[in-house]
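Colleague: One structure coming up, written as structure tokens, with questions to follow.
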Amino acid sequence: MLLIQYTLIYATVLIFVAFGGMFSERSGVINLGLEGIMVMGALGGAFMLYSLPVGTPAFVIILLTILASVLFGMIYSLFLAVAAINFRADQTLVGTAMNMLATAGAVVIVKAFNNARSGGTNPSAILDYIENRKVFLIGGDFNIYMILTIVLIIAAYIVLNKTQFGLRLMACGEHPQAADSVGINVYKMRYAGVLISGFCGGIGGIIYISAANSQWDFMYGVAGAGFLALAVMIFGQWNPLRIAASALLFGAFRAVADTYSAFDLLIHLVPGDVYKMLPYIISLVVLAFTSKKSRAPKAEGIPYDKGVR
């Protein structure tokens, strides 16, 4: 049961973040900064959980925490949008810089915050944070994020395949010049794609902090969850349903890494570090065999120049 619970939690994180990458790349912008967006979303949500007193209605805690994560994630994603769309910067370099900046910045902010508190500790506020996290649980085993994930999968599928917005977004990632020729504003659509990635990545970050991890000092960022989500997105071929299925597979391996001590028979035969490396090894193997057949949007990573036809 513990393995299933952890699998669903990690799959939820991966689905949200991978969907964020999918929307961004469907618009034509490669978002390697998902790890940094997760960190910023987690930071905003964690501070909200920390600041709300115990006794605050559960609905208010959930709503404000998610809104804080979304706000931080979307604001941070604007770094990529402005650099890649307006200044036509190298999207890979911008995303890498965002990841480095977010982790370092979050560590500095948290340490400064801890040092600013009287005596360096605030047991009451820490208790508030721990208690507020519990409102996301349903029946002790599952959490509200799993319901939101189902809603996201349905919404993403409908938006991409059944709405004018989704079709225009995908057109900008495939043939931006052709899209522009029929009156579609490529710049606005790409901004929308990147902001949606900030929206989803921010929520993915707070899920990781509040459901999958009890710490929020950010010394290790989000432990590579953003890069695993990129692997899930590629393996899922930028398709919402396939991404969801891929996230369950990767989530299962990530869950094994956290629950390996339960395998009493194997723990003496296989070192624990091997289990911890398993999700990353699997991602490398999967991408090695599937990357040649991947069908990425044709114009992803290519800055759009309105004057080029």
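Colleague: Using only the heavy atoms of the protein chains and a 1.4 Å probe, how would Ile203, Ile153 rank by accessible area, largest first? Let's see the in-between values first.
Modeller: On the way: Ile203 5, Ile153 35 Å².
These residues rank, largest area first, as Ile153, Ile203.
Colleague: For the chain, what does the accessible surface come to per residue with a 1.4 Å probe? Please give it in Å².
Modeller: Counting only protein heavy atoms, the per-residue value for the chain is 46 Å².
Colleague: While we're here: So how strong a dipole does the chain carry about its Cα centre when Lys and Arg Cβ are +1 and Asp and Glu Cβ are -1, to the nearest 20 debye?
Modeller: 820 debye
Colleague: Mean-square fluctuation check for the chain, GNM, Cα pairs under 10 Å: which of Pro53, Pro271, Pro297 is largest?
Modeller: For the chain, modelled as a Gaussian network with Cα springs under 10 Å, the answer is Pro271.
Colleague: Taking Cα atoms, how many degrees apart are the long axis of helix 186-207 and the longest axis of the chain, rounded to 10 and kept between 0 and 90?
Modeller: 10 degrees
Colleague: Which of Ala252, Ala116, Ala155 ends up with the largest GNM mean-square fluctuation for the chain, with Cα atoms connected below 10 Å?
Modeller: Looking only at Ala252, Ala116, Ala155, the biggest GNM fluctuation is shown by Ala116.
Colleague: So, counting K/R as plus one and D/E as minus one, what does the shell of residues with Cβ under 13 Å around Pro303 add up to?
Modeller: Net of charged neighbours comes to 0.
Colleague: If you don't mind, there's one more thing I want to ask. For each pair in Lys188/Lys293; Lys134/Lys188; Lys162/Lys293, compute the distance between the two Cα atoms and list the pairs where it is over 28 Å. Show your work: numbers first, answer last.
Modeller: Values: Lys188/Lys293 30 Å; Lys134/Lys188 39 Å; Lys162/Lys293 26 Å.
Where the Cα-Cα span goes over 28 Å, the pairs concerned are Lys188/Lys293; Lys134/Lys188.
Colleague: Calculate how steeply helix 272-290 sits against the longest principal axis of the alpha-carbon atoms of the chain, using the helix alpha-carbon long axis, and give the answer as 0 to 90 degrees to the nearest 10.
Modeller: Compared with the principal axis, the helix lies near 10 degrees.
Colleague: Highest GNM mean-square fluctuation, the chain, Cα pairs closer than 10 Å: which of Lys292, Lys134, Lys188?
Modeller: Lys292
Colleague: Another question, if that's okay. Before rounding to the nearest 500, sum -39500 (n - 2.57) across all DSSP H runs of length at least 4 in the chain and divide by the residue total; then give [θ] at 222 nm in deg cm²/dmol. Show your work: numbers first, answer last.
Modeller: Numbers: 13 runs with 217 residues, N = 309.
After summing the helix terms and dividing by the residues of the chain, the value is -23500 deg cm²/dmol.
Colleague: Work out from phi, with θ = phi - 60° and the Karplus expression 6.51 cos²θ - 1.76 cosθ + 1.60, the ³J(HN,Hα) of each residue of region 172-180, listed in order in whole Hz, and give x for Gly and Pro.
Modeller: Per residue, the Karplus-derived 3J(HN,Hα) values read 5, x, 9, 9, x, 5, 5, 5, 5 Hz.
Colleague: Also, quick follow-up: At 1.4 Å probe size, put Val54, Val70, Val182 in order of accessible surface, largest to smallest. Spell out each step's value before the answer.
Modeller: On the way: Val54 85, Val70 15, Val182 110 Å².
Output order, biggest surface exposure first: Val182, Val54, Val70.
Colleague: If you rank Met98, Met277 by how much accessible surface each has, with a 1.4 Å probe, what is the order from largest down?
Modeller: Values: Met98 10, Met277 100 Å².
Putting Met98, Met277 in descending order of accessible area: Met277, Met98.
Colleague: Let me ask something else. With label points built 7 Å along Cα→Cβ from the Cα atoms of Arg242 and His175, find their separation and express it in nm.
Modeller: 2.1 nm
The values are calculated or read from the model by the stated rules, or taken from the named source; none is laboratory data. Worth saying up front: this structure is predicted, and the values here are computed from it rather than measured. Every residue, glycine among them, receives a Cβ derived from its backbone with ideal geometry; neighbour counts consider all protein chains shown. Each accessible area value is taken on the protein alone, full model and side chains, heavy atoms only, with ligands, DNA and RNA left out. Shrake-Rupley method; radii C 1.70, N 1.55, O 1.52, S 1.80 Å.
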